[in-house]
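Read through the structure below, which is laid out as structure tokens, and then see the notes.
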Amino acid sequence: MNNAETPKATKQSVSPLYAGLMVRCPRCGKGPLLQSLLNLRESCSKCGLNYKFVDTGDGPAIFAIFILGFVVLGGALWVEFNFEPPLWVHGVLWGLVTPVLAIGLLRFLKAMLTALQYYHKAEEHRLSGD
């Protein structure tokens, strides 16, 4: 790193992985990031970081679809080939497991992508003079 470059994150920021796993503020790591199951707060209750910069878009959902598809299909095939249960068992089992995994994974992915946006100072492109 040459002397003209600045570090990507402030000294106060926490690891994006920690912030994602704990679903906490990407700057202080203490304040909760989400106010309900999947809704983002307006700002951190501990350090006051405004979350207006956050724009994860459909990223968390796309990643979750790919990850869950692999895990649930693999699990369903494993259960089928090892135990050969009736079809209704698959319906009940995967009908309960899939939403629980999806919500947990979406919370983690949303927090992780938010922390990465903060860490890398990602924001909309602005022309010089804006």
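Overview of values
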item: Condition met for VAL23 (at pLDDT 95 or above and either open to solvent by 40 Å² or more (accessible area, probe 1.4 Å) or of a type outside the set (Val, Ile, Thr) (or both)); result: no
item: Meets criteria (in a helix (DSSP H, G or I) and under 28 Å from LYS121 (Cβ atoms)) for LEU17; result: yes
item: Subset of region 42-70 (residues that are under 14 Å from the mean Cα position of the chain (by Cα), outside any helix (DSSP H, G or I) and not hydrophobic (A, V, I, L, M, F, W, C)); result: ASP55, THR56, GLY57, ASP58
item: Residue selected from region 78-130 under the condition part of a loop (DSSP other than H, G, I, E, B) and small (Gly, Ala, Ser), by the criterion modelled with the highest pLDDT; result: ALA122
item: Number of the condition not met by GLN35 [criteria: (1) polar (S, T, N, Q); (2) in contact (Cβ under 8 Å) with a residue 12 or more places away in the chain; (3) open to solvent by 40 Å² or more (accessible area, probe 1.4 Å)]; result: (2)
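Residues are listed down the side, and each one gets a yes or a no for (1) among the hydrophobic types (A, V, I, L, M, F, W, C); (2) touching a residue at least 12 places away in the same chain (Cβ under 8 Å); (3) open to solvent by 60 Å² or more (accessible area, probe 1.4 Å):
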| site | (1), (2), (3) |
| --- | --- |
| VAL72 | yes, yes, no |
| ALA76 | yes, yes, no |
| LEU87 | yes, no, yes |
| VAL100 | yes, no, yes |
| ARG107 | no, yes, yes |
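The values are calculated or read from the model by the stated rules, or taken from the named source; none is laboratory data. Quick caveat, the model's predicted, so the values are computed rather than measured. A quick note on method: Cβ atoms are made from the backbone with ideal geometry, for glycine too, and the neighbour counts reach across all protein chains shown. Side chains are part of the model used for accessible areas, which takes the heavy atoms of the whole protein and leaves out ligands, DNA and RNA. Shrake-Rupley method; radii C 1.70, N 1.55, O 1.52, S 1.80 Å.
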